[in-house]
Amino acid sequence: MESNLPPHAGEVLYRVMVRIRAFENAAETASQGGVSAYGQQAGGAAKVRGPLHLSTGQEAVPAGVCAHLRTSDYLTSTHRGHGHTLAKGADLTRMMCELFGKATGFNGGKGGSMHIADFSVGMLGANGVVAAGLPIAVGAAHAQKLLKRSDDITVCFFGDGAINRGPFLEALNWARVYDLPVLFVCEDNRWSATTASGPMTAGDGASARAASMDIAATQVDGNDVFAVHSAAQRLVAEVRSGAGPRLLHALTYRVKGHVSVDLAAYRDPAELAAALETDPIARARGHLLDTGVAAATLDAIENAARDEVDTALAVADAAPWPEASAAFTDVQTTGAGQWL
Amino acid sequence: MAVTTLSYSEAAVRALQQEMDADPRVVVLGEDVGRGGIFGQYKGLQQQYGAERVIDTPISEAAIMGAGVGMALAGLRPVVEMRVVDFALCGMDELVNQAAKNRFMFGGQGRVPLVARMPGGIWDASAAQHSQSLEAWFAHLPGVVVVSPSTPQDNHGLLRAALQCGDPVVYIEHKTLWGLRGEVDDTLVVPLGQAARVREGNALTLVSWSKQMQPCAAACDALAAEGIAVDLIDLRTLWPWDRETVLSSCARTGRLLVVHEAVQAAGFGAEIAASAAEATGCRVARLGAPRIPVGYAPVLEAQSRVGVDAIVAAAKKLAG
Ligand SMILES: Cc1ncc(C[n+]2csc(CCOP(=O)(O)OP(=O)(O)O)c2C)c(N)n1
């Protein structure tokens, strides 16, 4: 693990990861009917409905990457977007409201978990279509370049399964052809829904494909938040300096099933057990303790995250539903009212 | 410049010049646009505005459309070129699931003001993959505007309106109208959602759009010679379509014939016919292509064409 971090930066990274974990644990419980960050009270009516894609075990990637981003940088995400959105600075309570489908959510209840977004912090949306965020990201980066938006950049998260769709290829080529300020981040969690990605992917994967298009790729242990932080620091700086696109290939693991109701019975329990040994939060905690951070400090971070999430759950639960008429707003202005 | 004679493609270039002059956020991206586009509909624009605003792209329809979405979200107003509607299918997710859904799905946080140009219709001897009329697919899609101009004047005025409107627009020019010449008043912006009445009459309402307006107009002349006066309406915008003009005409004539180049089954004519029957109780008929891919040999291609004779016959049957 790298340790040349500024004072307290490790604690900040730890806090980001812990908040993501607490948020997702709570969302999962709420999807089963409970409304507590501690997982109690399960069994009532589901408060979070529909597909819930958890990023448990992958928190180090958004935490390490987004630490280097500003609000004016853009981010595009995947169906597994809670961590990205929180790490980019979105308000946790409004996120929970959106998962509950409430009017006070970022999307007014129109998107839910799979379309979580906070444009006010440059987070341009989670996406229900695998690989769809890649062309959108290069478009946003293209606009940043054309509009000469200082040295703002776009970061594009995608999974290892996405690299087998055409838009991945098209977007990487595009980024290099126009030398755009975009950082591609492959969260390689080894699985694509219920199929292992390896046997479905020819060649050596994301890094190799990037290299074939003259896009420098860096592989990193994606469960080591300090390693991700340090690799991303260099890559973000290069992209900001106008060097063109870069790719970060982060090796991580999807601890939960593909969606929250998926028990992942298709996977070897030994694989999960081995992966849990490298849990990014436990590792970061161990490392921070080793470097002299007090356990009480880390406990306080964890407790604060749980409290924050519990408050968010209560707020989301009490928040109003959208008006039915909202189904007819923000469709389009031209011809609005002609809903026939 | 005001009024001059321009071709359908020159009219589009003129519209782009005006909008690009007025708004530095307007950019063009697509294959071969730097050389003027495959139909000359971008002629001279890269020389005039530079390669940063008129962007030659790789053959990457998904990325062209998707990048257009990203550009729009980041503050540009892109015109994305799909060459022909048939190839827009390679960017279909980016149009259907991204451009059209973005504003709603994210609760109005973003807007996608892009114009996707995708020339449609039968292109002589171009067979099944270069001759499709897919406008009904897009009219079926909440979130987009669908435009299909039939004249140089409308191609100018509607393209300007499309660029100004702020919603995603599917803009379907006809693959064989590019050379059509006509007077263009370049001070006009043609409002979206407003049809044009091209002939007036009380015997029957005839609704069409795009290239099909030509055989319809010829059919009206033939019918007029027999004393049958037709109210001919050019829809111009398919969504939102001009219900008021169409339905008030149907209420007056009591008869509606919709003619389009697209396959008749599940075509947009069905939507208009059903709406008119529901609202006015008028008699309705539709005329479109049979549900077959467009063939190459002249005799095969002809099977997909709706000609003047068929329109005249359908009109007489309905009027009689
Ligand atoms: C175009 C498309 N095909 C299939 C799906 C269904 N699907 C949703 S997520 C997923 C797996 C994606 O794997 P990966 O990109 O590695 O991301 P991960 O889920 O592992 O984070 C699939 C197949 C989809 N949403 N979009």
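The values are calculated or read from the model by the stated rules, or taken from the named source; none is laboratory data. Here the structure is a predicted model, which means the values were calculated and not measured. Cβ sites come from the backbone with ideal geometry, for glycine too, and all protein chains shown count toward neighbours. These area figures cover heavy atoms from the full protein model, side chains too; ligands, DNA and RNA do not enter into them. Shrake-Rupley method; radii C 1.70, N 1.55, O 1.52, S 1.80 Å.
For the reader, a short list of remarks on this structure follows.
- Under 5 Å from the amide H of residue B:256 lie the amide H atoms of B:205, B:283, B:284, B:285, each residue being 5 or more positions distant or on a separate chain, with H modelled from the backbone and absent for Pro and chain starts.
- Between segment A:62-95 and segment B:237-286, the alpha-carbon centres lie 48 Å apart.
- Counts of other chain beta carbons within 10 angstrom of each beta carbon in peptide A:155-166 average 1.
- Contact-buried residues of segment B:56-76, at a threshold of 20 Å² lost accessible area versus the chain by itself: B:58, B:60, B:62, B:63, B:66, B:67, B:70, B:71, B:73, B:74, B:76 (1.4 Å probe; DNA, RNA and ligands ignored).
- Here the spin labels are modelled as points 7 Å beyond Cα on the Cα-Cβ line, and at residue A:219 and residue B:194 they lie 6.3 nm apart.
- Placing R0 at 25 angstrom, the Cβ-Cβ distance between residue A:212 and residue B:59 gives a FRET efficiency of 0.90 after rounding to 0.05.
- Buried on assembly, segment A:296-340 (at least 40 Å² less accessible surface than by itself, 1.4 Å probe): A:330, A:331, A:332, A:333, A:334, A:338, A:340
- The accessible surface of segment B:176-237, taken with every protein chain in place and a 1.4 Å probe, is 50 percent carbon and sulfur.
- Buried accessible area, chains A and B (both chains, 1.4 Å probe, Å² to nearest 100): 3700
- Fluctuation leader among B:87, B:138, B:104 - chain B, Gaussian network, Cα springs under 10 angstrom: B:104
- Calculated FRET efficiency for the pair residue B:23/residue A:336, C-beta based, R₀ 25 Å, to 0.05: 0.65
- Long pairs among B:43/B:175; A:102/A:256; A:47/A:110; A:88/A:145; A:47/A:256; B:101/B:211, criterion Cα-Cα beyond 23 Å: A:102/A:256; B:101/B:211
- Amide hydrogen proximity for residue B:289: with H placed 1.01 Å from N in the peptide plane, the residues at 5 or more positions away or on another chain lying under 5 Å are B:262, B:263, B:264.
- Cα centroid of segment A:97-146 to Cα centroid of segment B:113-137, whole Å: 31
- Taken about its Cα centre, the protein assembly as shown carries a charge dipole of roughly 980 debye when the Cβ of each Lys and Arg holds +1 and the Cβ of each Asp and Glu holds -1.
- Mean separation of Cα contacts under 8 Å (6+ apart) over length of segment B:1-130, as relative contact order %: 22
- Here the contact order of chain A, divided by its residue count and restricted to Cα pairs under 8 Å and six or more residues apart, works out to 22 percent.
- Computed 3J(HN,Hα) for segment B:76-81, one whole-Hz value per residue from the Karplus formula 6.51 cos²θ - 1.76 cosθ + 1.60 where θ = phi - 60°, is 9, 10, x, 9, 9, 9, glycine and proline marked x.
- Within chain A, the whole DSSP H helices whose Cα atoms reach 30 Å or more along their own axis and whose mean Kyte-Doolittle score is at least -1.0 are A:9-31, A:295-318.
- Across chain A, Cα-Cα pairs farther apart than 26 Å form 48% of the total.
- Carbon plus sulfur fraction of accessible area for segment B:46-171, probe 1.4 Å, in percent: 55
- At R0 = 41 Å, FRET efficiency that the Cβ-Cβ distance of residue B:4 and residue A:70 yields, to 0.05: 0.25
- Carbon and sulfur %, accessible surface of segment A:88-179 computed with the full protein complex present, 1.4 Å: 53
- In this structure segment A:181-226 gives 40 Å² per residue of accessible area when probed at 1.4 Å with all protein chains present.
- Chain B - mean residue ellipticity at 222 nm from DSSP helices (-39,500 (n - 2.57) per run, n ≥ 4, rounded to 500): -10500 deg cm²/dmol
- Label-to-label distance for residue A:327 and residue A:277 is 5.3 nm, based on points extended 7 Å past Cα in the beta-carbon direction.
- C-alpha center-to-center spacing [segment A:273-336, segment A:177-243] in angstrom: 25
- About its Cα centre, the dipole of chain A is roughly 660 debye, where the only charges are +1 on Lys and Arg Cβ and -1 on Asp and Glu Cβ.
- Chain B - accessible surface per residue (Å², probe 1.4 Å): 35
- Solvent-accessible heavy-atom area per residue, rounded to whole Å², over segment A:99-152 at 1.4 Å: 25
- Short-range pairs are left out: with C-alpha atoms under 8 Å and at least six residues apart, the relative contact order of chain B is 16 percent.
- When the surface is traced with a 1.4 Å probe over the full set of protein chains, residue B:1 keeps roughly 120 Å² accessible.
- Solvent-accessible surface ranking, highest first, for B:52, B:301 at 1.4 angstrom: B:52, B:301
- Residue-level accessible surface for residue B:160, protein heavy atoms, 1.4 Å, Å²: 40
- Where labels lie 7 Å past Cα in the beta-carbon direction, separation of residue B:303 and residue A:289 in nm: 7.7
- In segment A:90-107, burial by the other protein chains removes 10 Å² or more of 1.4 Å probe accessible surface, compared with the chain on its own, from A:106, A:107.
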